[in-house]
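Step one of this worksheet: look at the structure below.
The values are calculated or read from the model by the stated rules, or taken from the named source; none is laboratory data. Since this is a predicted model, take the numbers as computed values, not measurements. Using ideal geometry, Cβ is built from the backbone for each residue, glycine included, and neighbour counts are taken over all protein chains shown.
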Amino acid sequence: MQKSNGADSFVSINPLTDGELLSNAADRDKLAFEQLYARYSTILYSLIIRIVSDKETSEKILVEVFLILWRRIEDFERENLFTSLILLARNKALDFLKRRRENTKQPEYDEDYERFKILPNLSKEIKPVKLAEALKVKYEIGEMVKGLTDAQRYVLSLFYFEGLNETEISQKLKIPLLTVRSKLQVATDILLDKTRMLVAKNG
């Protein structure tokens with residue numbers, strides 16, 4: 001399978017919803033699964049390569065993400081596939097980074113590890129976001145990130161794209177843990193509030 005030329009155009013021309021495609025794929029409809037791949041591969045690849053910064057590795061991780069979806073398709077929510085796949089791709093990419101780092105011992109990657117550490121565990125309170133909605137506001141979200149302070153952007157990047165926890169960020173930057181938490185909280189709240197406003201405006 002190859003990446004779609006553009007998720008935007010695919011979403012607009014394919015009449016089936018994520019839930020419908022996922023249900024069909026759960027019945028081992030390979031065409032439906034290929035359509036999910038075409039719909040999501042581009043945006044997931046963009047996230048993965050942002051994290052691992054290597055084309056060949058990113059392509060391998062992308063394949064692994066869809067293999068997990070195929071094997072564990074019943075574990076994915078029909079109404080919130082976009083968020084689930086984004087978190088799955090991030091988790092797989094960050095797991096690769098952690099295993100590549102020197103002097104870090106990671107647990108064996110087995111079925112239990114995948115289920116509890118790699119598969120997304122979405123809160124019921126998370127409002128479903130559709131791919132089409134996210135694509136509508138992706139430019140504005142990029143501009144919002146630019147509007148954060150340099151410190152907020154850097155801390156956010158260390159957390160979301162390098163997988164460092166608050167303590168690790170505090171040690172890396174040599175700043176108090178409470179300062180890290182504050183910057184993460186403020187930056188996240190700003191982005192979430194503005195994103196909700198954008199989605200509502202464009203919905």
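Some observations on this one:
- All positions within the stretch 74-113 that are under 22 Å from LEU22 (Cβ atoms) and either surrounded by fewer than 18 Cβ atoms within 10 Å (Cβ to Cβ) or free of Cβ contacts under 8 Å to residues at least 40 places away in the same chain (or both): GLU74, ASP75, GLU77, ARG78, GLU79, SER84, LEU87, LEU88, ASN91, GLU111
- Residue that is closer than 30 Å to LYS201 by Cβ, surrounded by fewer than 19 Cβ atoms within 10 Å (Cβ to Cβ) and without any contact (Cβ under 8 Å) to a residue 12 or more places away in the chain, where the choices are SER46, SER53: SER46
- Within the stretch 109-125, none of the residues are of a type in the set (Val, Ile, Thr) and at pLDDT below 95.
- Conditions (1) within 16 Å of the chain's Cα centre (by Cα); (2) in a helix (DSSP H, G or I); (3) exposed (fewer than 13 other Cβ atoms within 10 Å of the Cβ); number of the one not met by ASN121: (2)
- Residues of the stretch 138-184 satisfying the condition of being in a loop (DSSP other than H, G, I, E, B) and either of a type in the set (S, T, N, Q) or surrounded by 13 or more Cβ atoms within 10 Å (Cβ to Cβ) (or both): LEU148, THR149, PHE161, GLU162, GLY163, LEU164, ASN165, ILE175
- So LEU31, is it modelled with pLDDT of 95 or more, in a helix (DSSP H, G or I), in the same structural domain as ARG115 (by TED's automatic domain parsing) and in contact with a helix residue (DSSP H, G or I) (Cβ under 7 Å, 6 or more places away or on another chain): no
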